[in-house]
Amino acid sequence: MSLRLMYITNNPSVALIAEQNGVDRIFVDMEWIGKADRQGNLDSVKNHHTVEDVRAIRRVLTKAELLVRVNPIHEATDEYCSSKEEIEAVIKAGADVIMLPFFKTLEEVQRFYTIVNKRCKTVLLLETAEAVDILDEILKLPQLEEIHIGLNDLSLSYGKPFMFELLTDGTVERLCRKMELAGVFYGFGGIASLGRGMVPADMIIREHYRIGSRAAILSRSFCNVDKIHDLAAVEEIFFRGIREIRALEQECARHMKYFSDNRKALETAVNTVVESMRRSGAEKKCDF
């Protein structure tokens, strides 16, 4: 098993580099409605990609799937079109997969599936306490294909000071076990390059394997193109970084017994970050 890796970009040149180096899904992020309000205090990526970005990425991809995160279900206003119009435009622009973020009700999920109408693949981004409360009902829906757990907003929803606490307090594992029993493809959060991140990405990847997660987003710190403008440097980061991740995955497959030790190390690392943040009064940070 290899993690399905996703990378967020609206730059066709970067998308092509990511695809050529083994990224499975190129992620165009059109979500913006309400995001700045709820994540305003976070050092998180707040994109505002467009349908034209979807078209531009579609033109260069030959192997990787094109995933588009749309806005939460909404009606039309003077400022933006309705969910139906947005999703229709994204499908027409060539999306292979559409992700619904920040849903809270079963009705929103059902409306999403009705609009898409099996014209492309779908992913639900589970990132609210309300969504967790209705997970059992969601898992019964015949249209359900895939769920990704969004750690940023879900940690906010539960009032956690650090998003990776959801790994050590059992929340992510509890949700993943339910999805596993239902036979649903699932993943969670994002990962940096190996050896990087407030909690080392190596630990996070081992935790993906321990609980059977199948997908992760490559975070901003994996390759921050806001700071790296040389495409040759971007190429080197993806070439080296993806191969290091895949090598660690092979190690995970060979040495399943070390997961318990990694779990203890992960708990220590997360607790250290949380305690440091509490002492300093710092806002929590994230990479994606």
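The values are calculated or read from the model by the stated rules, or taken from the named source; none is laboratory data. This is a predicted model, so every value here is computed, not measured. Neighbour counts are summed over all protein chains in view; Cβ atoms, including those assigned to glycine, are modelled from backbone coordinates with ideal geometry. Accessible surface areas use protein heavy atoms only, side chains included; no ligands, DNA or RNA. Shrake-Rupley method; radii C 1.70, N 1.55, O 1.52, S 1.80 Å.
General observations
- All Cα-Cα separations within region 233-277 were binned at 5 Å from zero, giving a P(r) of 5, 18, 14, 15, 17, 17, 14, 1, each value a whole percent of the pairs.
- Taking E79, E146, E88 in turn, the Gaussian network model of the chain (Cα-Cα springs below 10 Å) assigns the largest fluctuation to E79.
- A crude spin-label estimate for the pair A265 and K140, with each label 7 Å from Cα along the Cβ direction, gives 4.3 nm.
- Here the translational diffusion coefficient of region 1-151 follows from Stokes-Einstein with Rh set to the Kirkwood radius across Cα pairs; for 37 °C and 0.692 mPa s it amounts to 206 µm²/s.
- Taking N as its residue count, the alpha carbon Rg of region 93-137 over 2.2 N^0.38 Å: 1.17
- Charge dipole (Cα centre; +1 on Lys/Arg Cβ, -1 on Asp/Glu Cβ; no other charges) of the chain amounts to roughly 780 debye.
- Between D96 and H48, the FRET efficiency from the beta-carbon distance, with R0 = 25 Å, is close to 0.70.
- Remark: region 158-288 carries 47 Å² of accessible area per residue (probe radius 1.4 Å; ligands, DNA and RNA excluded).
- Check: region 141-237 dipole with +1 on Lys, Arg Cβ and -1 on Asp, Glu Cβ, in debye: 300 debye
- Farthest toward the positive end of the dipole of the chain, out of T77, F239, L218, is the Cα of F239, where the dipole comes from beta carbon charges about the Cα centre.
- Under the simplified labelling scheme, the D78-T114 pair shows an inter-label distance of 2.9 nm, with each label point 7 Å from Cα along Cα→Cβ.
- Of the cross-linked pairs K118/K140; K35/K63; K35/K227; K140/K178; K63/K121, those separated by over 19 Å at the C-alpha level are K35/K63; K35/K227.
- Only Cα sites of the chain enter the Debye sum here, all with the same form factor; the resulting log10 I(q)/I(0) across q = 0.11, 0.13, 0.17 1/Å is -0.63, -0.90, -1.60, listed in q order.
- Based on Cα atoms of region 133-190, Rg over Rh with Rh as the Kirkwood radius reads 0.98.
- Within a Gaussian network of the chain (alpha carbon springs, distance under 10 Å), most fluctuating of M163, M30, M198: M198
- Only the Cβ atoms of Lys and Arg (+1) and of Asp and Glu (-1) were treated as charged; on that basis the dipole of region 163-288 about its Cα centre amounts to roughly 320 debye.
- With eigenvalues of the C-alpha gyration tensor scaled by 5 and rooted, region 153-288, Å: 23, 21, 15
- Translational diffusion of region 59-218, µm² s⁻¹ [Kirkwood Rh, Cα pairs; Stokes-Einstein; 4 °C; 1.567 mPa s]: 78 µm²/s
- Only protein atoms count toward the accessible area here, which uses a 1.4 Å probe; on the chain, the carbon and sulfur part of that area reaches 49 percent.
- A convex hull fitted to the Cα coordinates of region 164-213 yields 63 cubic angstrom per residue.
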